[in-house]
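Here's the structure, in structure tokens; my notes come after.
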Amino acid sequence: MLGILLGLVVLMALAYLGWSIIWVAPIAAGVVAVTGGLDLLDAYKNTYMEGFVGFAKDWFPVFMLGAIFGKLMEDTGMARTVAVALTKLVGTKRAILGVLVSAAVLTYGGVSLFVVVFAVYPLALSLFREANISRRLIPATVALGAFTFTMTAIPGTPQIQNLIPMEYFKTDAAAAPVMGIIAAIIMAGGGYFYLRWREKQLTAKGENFTEPKDNKITKENGKAPNFILSLLPLLTVLITLNLLKWDIVTALISGIVLIMLLNVQQFKGFTKSLNSGAGGSVIAIINTSAAVGFGTVVKAVPGFERLTEVLMGIKGNPLISEAVAVNVLAGATGSASGGMGIALEALGSKYYEIAMNSGISPEAFHRVASLSSGGLDALPHNGAVLTLLTITGMSHKDSYKDIFVVAVLIPVISVAVVILLSSIGIL
């Protein structure tokens, strides 16, 4: 068991230093294997790679199609059209709300978090300039809309963090809707009021909008797509996934085809978008698969039984131990999907067994796993956080405190609240 903890420390330390989990995870798995009495080469070539390949086999189509869908939304201008229309609807006086809503709608519609950052930032800059709000709040505002409640809480979200638990708990994307909605209200409401409070605090100190030193935003060329038409692909994915109960692969394909049909005049650029989206998805799936491979090795060593006893021995609702396991591993890997993948690969069958033998539904375990993946994952070494800060031109010193509150602290509180409500029988 000490070896497992040492492997986690190695994984977390090297990930925090910015080293790629693609080769860090095998090293950490090697530490676990050696201290657990496994043959090192066999543990890597067989145990580790079986977990790696198994996850890639099950989830690569979703990663690839999701990335292509997001890239087409970005390159056709549809993502920007939706964001612009929503910010105008909310009004420039409510800059924080406008950016939040735009990021949330795009994320809930299936656009990847990274694409949302690129699509929303130019609008955020314009709105914050007009409202004279400090730029240091832009990263946290985008993070609240894209990295929290639309990623893990709102029932039916097509983001991968909500889809992975389906395999382990035999559920669908809308699992435990009441639990998800309550968590979403806590995250969205708590985060928004915090950001408004910070806006007033900074304004009172005389800290207002300042122009970025290096504004890399380029002007959009060509006529913007129609807003209603731009919404249709997002709605198509949501409706086919949740109402028609299509497989996520089929739902994403339907959205992709619709984007291409609605923008047939841009067909010359489709090949570039498809290539770019597919290429980008490879790194994403390999990162998560590497983390899952680590979890497979952990599961194979004798100390895992003791670790399982410790986690399952946490007193009270078993949802607490699941939340702890997923959160800690998501924080260690700096990845919501990676941390959840490790936890569920190692313990998913145990939690499903508990669900079958207790009064707690598998849907509740699904939702808590998803919610917990979106807590400690957003620590400073998280890839999405680093990308967000780079695109917005802000540093950890400038903006991470606010990101921490809206993307780490409040989501963790939301998980605690829904588990508490479940424990006392309200949910």
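The values are calculated or read from the model by the stated rules, or taken from the named source; none is laboratory data. All of these numbers come straight from a predicted model, not from anything done at the bench. So basically every Cβ, Gly included, is an ideal-geometry build from the backbone, and we count neighbours across all protein chains shown. Note: areas computed on protein heavy atoms with side chains; ligands, DNA, RNA excluded. Shrake-Rupley method; radii C 1.70, N 1.55, O 1.52, S 1.80 Å.
Mean separation of Cα pairs under 8 Å and 6+ residues apart, divided by the residue count of the range 1-124: what relative contact order is that in percent?
Across the range 1-124, relative contact order equals 19 percent.
Name the shape class, rounded, prolate or oblate, that the alpha-carbon gyration tensor gives for the range 341-381, where a ≥ b ≥ c are the square roots of its eigenvalues, rounded holds for a/c under 1.5, and otherwise prolate holds if a/b is larger than b/c and oblate otherwise.
In terms of gyration-tensor shape, oblate.
Leaving out ligands, DNA and RNA, and with a 1.4 Å probe, what % of the accessible surface on the range 318-427 is carbon or sulfur?
The value for the range 318-427 is 67 percent carbon and sulfur by accessible area.
Using the alpha-carbon centroid of each, what span in Å lies between the range 56-70 and the range 89-118?
A separation of 23 Å, based on Cα centres.
If I compute solvent accessible area with a 1.4 Å probe over the protein chains, what percent of it on the range 97-214 is carbon and sulfur?
Summing carbon and sulfur atoms, their accessible area is 63 percent of the total for the range 97-214.
To the nearest 500 deg cm²/dmol, what mean residue ellipticity at 222 nm is calculated for the chain from DSSP H runs of n ≥ 4 alone, each contributing -39,500 (n - 2.57), summed and divided by the residues?
It comes out at -24000 deg cm²/dmol, rounded to the nearest 500.
How much accessible surface area, in Å² rounded to 10, belongs to the heavy atoms of Met356 with a 1.4 Å probe?
100 Å²
Rank Lys315, Lys272, Lys213 by mean-square fluctuation in a GNM of the chain with C-alpha springs under 10 angstrom and give only the top-ranked residue.
Lys213
Set the Förster distance to 25 Å, then compute FRET efficiency between Gln265 and Leu89 from the Cβ-Cβ distance, nearest 0.05.
Efficiency for this residue pair is about 0.40.
Please give the solvent-accessible surface of Ile96 in Å², to the nearest 10, using a probe radius of 1.4 Å with every protein chain present.
Around 0 Å² of this residue is reachable by solvent.
To the nearest 20 debye, what is the magnitude of the charge dipole of the chain about its Cα centre, counting +1 on the Cβ of each Lys and Arg and -1 on the Cβ of each Asp and Glu?
Dipole about the Cα centre, nearest 20: 1360 debye.
Please label the shape of the range 193-345 as rounded, prolate or oblate, based on the square roots a ≥ b ≥ c of the eigenvalues of the alpha-carbon gyration tensor (a/c under 1.5 means rounded; beyond that, a/b larger than b/c means prolate, else oblate).
Oblate, since a/c reaches 1.5 and b/c is not below a/b.
Order 137-145, 388-396 from most to least packed using the mean count of other Cβ atoms within 10 Å.
137-145, 388-396
If you line up the Cα atoms of the range 43-135 on their principal axes, what length do they span on each, largest first, in Å?
58, 27, 17 Å, listed from the longest principal axis down.
Counting only other residues whose beta carbon sits under 10 Å from that of Ser399, what net charge do I get with K and R as +1, D and E as -1?
Residues near Ser399 contribute +2 overall.
Within the range 30-75, what whole-number % of the accessible surface is contributed by carbon and sulfur, with the 1.4 Å probe and all protein chains included in the calculation?
Of the solvent-accessible surface of the range 30-75, carbon and sulfur hold 63 percent.
For the chain, with a Gaussian network of springs between Cα atoms less than 10 Å apart, report the residue from Ser289, Ser20, Ser281 with the top mean-square fluctuation.
Ser20
Once the other residues with Cβ under 10 Å from the Cβ of Leu123 are scored (Lys, Arg +1; Asp, Glu -1), what is the net sum?
Net charge around Leu123: +2.
Over its Cα atoms, what ratio of radius of gyration to 2.2 N^0.38 Å does the range 262-352 give?
Rg over 2.2 N^0.38 Å, computed on Cα atoms: 1.53.
Each label point is 7 Å from the Cα along the Cα-to-Cβ direction; what then is the distance between the points at Trp19 and Val417, in nm?
4.0 nm
Normalising by the residue count of the range 246-361, find the relative contact order in percent from Cα pairs under 8 Å and 6+ residues apart.
Relative contact order of the range 246-361: 24 percent.
Based on Cβ point charges of +1 for Lys and Arg and -1 for Asp and Glu, what charge dipole magnitude is obtained for the range 275-381 about its Cα centre, in debye rounded to the nearest 20?
With only Lys, Arg, Asp and Glu charged at Cβ, the dipole is about 80 debye.
Which label marks the calculated value of Rg and Dmax of the Cα atoms in Å, given the options [x] 23.7, 81; [y] 21.2, 71; [z] 21.2, 63?
Working out Rg and Dmax of the Cα atoms in Å from the coordinates points to [z].
In Å², what does the accessible area per residue of the chain work out to with a 1.4 Å probe?
On a per-residue basis, 42 Å².
Taking +1 at the Cβ of each Lys and Arg and -1 at the Cβ of each Asp and Glu, which of Trp19, Gly37, Gly7 sits farthest along the dipole of the range 1-119 towards its positive end, judged by Cα position relative to the Cα centre?
Of the listed residues, the answer is Trp19.
Can you tell me the relative contact order of the chain? Whole percent, Cα pairs under 8 Å, sequence separation 6 or more.
Relative contact order, the chain: 26 percent.
In debye, nearest 20, what is the charge dipole magnitude of the range 1-144 about its Cα centre with +1 on Lys and Arg Cβ and -1 on Asp and Glu Cβ, if you could check?
Its charge dipole is roughly 860 debye.
Give me the net charge of Ala28's neighbourhood, meaning all other residues with Cβ under 15 Å from the Cβ of Ala28; Lys, Arg count +1, Asp, Glu -1.
It works out to a net charge of 0.
When the gyration tensor of the range 113-239 is built from Cα positions, what are the square roots of 5 times its three eigenvalues, in whole Å, from largest to smallest?
Semi-axes from the Cα gyration tensor: 31, 22, 12 Å.
Measure off 7 Å from each Cα along the Cα-to-Cβ vector at Lys205 and Leu243, then give the distance between these two points in nanometres to one decimal.
4.7 nm
So how much slack lies between Val310 and Leu41, counting 0.36 nm per residue of separation and subtracting their Cα-Cα distance, in nm?
94.0 nm
Efficiency by 1/(1 + (r/R0)^6): what FRET value for Glu130 and Lys170, r their Cβ-Cβ distance, R0 = 45 Å, to the nearest 0.05?
Efficiency, from the Cβ-Cβ distance: 0.35.
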